[in-house]
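So the structure is just underneath, and the comments pick up after that.
Please treat every number below as a calculation from the coordinates, not as lab data. Only a predicted model underlies this, so the values are computations on that prediction, with no experimental measurement involved. Cβ sites come from the backbone with ideal geometry, for glycine too, and all protein chains shown count toward neighbours.
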């Protein structure tokens, strides 16, 4: 087997593993947030408590999503280095653009939730 072909297969496998890890991080965040939400709903607290807890759960879920998206972006970048056709570059730019916008807005939401939490504790 040619070295170039072997390297290509190794990098393709690496990209797949990175993307799977990113997906697992997002899924795990969903599981953590869903469990927290179910626990919160079972305790029938006041509306103010519900809003505070829901904000914290959203911040946790948002953090997991951001972390998972970063892995997926890294996988897309490596994939483009493997097959740098014009179509792949356009697809990468689109995917990275969409994920960057999502990451930006999720990041802002998580930061706002953390600031709100610090204000409540102070």
So residue 3 passes all but one of these: (1) surrounded by 12 or more Cβ atoms within 10 Å (Cβ to Cβ); (2) out of contact with any helix residue (DSSP H, G or I) (no Cβ under 6 Å at 6 or more places or on another chain). Which condition number does it fail? (1)
Scan region 49-98 for residues that are surrounded by 14 or more Cβ atoms within 10 Å (Cβ to Cβ), without any contact (Cβ under 8 Å) to a residue 12 or more places away in the chain and under 17 Å from residue 38 (Cβ atoms) and jot them down. 50
Can you say whether residue 38 is loosely packed, with under 11 Cβ neighbours inside 10 Å and either within 20 Å of residue 113 (Cβ to Cβ) or in contact (Cβ under 8 Å) with a residue 60 or more places away in the chain (or both), as far as the supplied structure shows? yes
